[in-house]
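Report on the following structure.
Quick note: the coordinates plus some simple rules give every number you see, no bench work behind them. This structure is a prediction, so every number in the text was calculated from the model and none was measured. Using ideal geometry, Cβ is built from the backbone for each residue, glycine included, and neighbour counts are taken over all protein chains shown.
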Amino acid sequence: MTPRRVQRADLAAIATLWRELIDHHAENLPLGAGTVPTTQLDALVRGVDCVGWIAEDTARAVGFCVARVEAAPPSLREPRRALITELYVRPGERRRGVGRALLGAALEWARARGAARVEVRVAARNAEGQAFWRAQGFGDFVDVLDRRL
């Protein structure tokens, strides 16, 4: 399966997948239900530093990935870094290489834009997500701690 860049005609399918991702995270994060970010959806088709990919199986969307490239903080010795902000594959389609293919597209895009590294945030309680990212060569970088108010 070869992911392709998101086009305007894909936005409804991406919104559906994004809703599924939000629902999935509701099980792992005590942050409540979120909404699909319509401004970010629009940015996927017109952006230069924020793009998305969609994976389809017989014309049905089964996964998506969103990444952006930004200037790194001045305290780091790197000009640019990439962030994979979303990567989701429908449960019935997992373990078939869809996630790896989406990640591969994002890494290739980030390299071409001069990113020195790629970051991804994964909920500590998301065992499946933790396993996926670690199997792809991602490791601990910084702990993000929070406190509910």
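Things to note:
- Beta bridge orientation in the chain: antiparallel %, DSSP, nearest 5: 85 percent
- Residue-by-residue Karplus 3J(HN,Hα) for segment 18-23, coefficients 6.51, -1.76, 1.60, Hz, glycine and proline x: 5, 4, 4, 5, 4, 5
- Sequence-ordered 3J(HN,Hα) estimates for segment 74-81 from the Karplus curve with 6.51, -1.76 and 1.60 and θ = phi - 60° stand at x, 6, 9, 8, 8, x, 9, 9 Hz, glycine and proline given as x.
- 5 angstrom amide H check on Val62, placed H, neighbours 5+ away: Ala55, Glu56, Asp57
- For the chain, built as a Gaussian network whose Cα springs stay under 10 Å, the top-fluctuating residue of Ile14, Ile22, Ile54: Ile22
- Dipole size of the chain about its Cα centre, with +1 on Lys/Arg Cβ and -1 on Asp/Glu Cβ: approximately 280 debye, rounded to the nearest 20.
- Ordered by the count of other Cβ atoms within 10 Å of each Cβ, fewest first, Phe64, Phe138, Phe132 give Phe138, Phe132, Phe64.
- Scalar couplings 3J(HN,Hα) for segment 117-130, obtained by applying the Karplus form with A = 6.51, B = -1.76, C = 1.60 to θ = phi - 60°, are 7, 10, 10, 8, 9, 10, 4, 4, 8, 8, 4, 5, x, 4 Hz; x denotes Gly and Pro.
- Most mobile listed residue (Leu41, Leu76, Leu17) in the chain, GNM with C-alpha springs under 10 Å: Leu76
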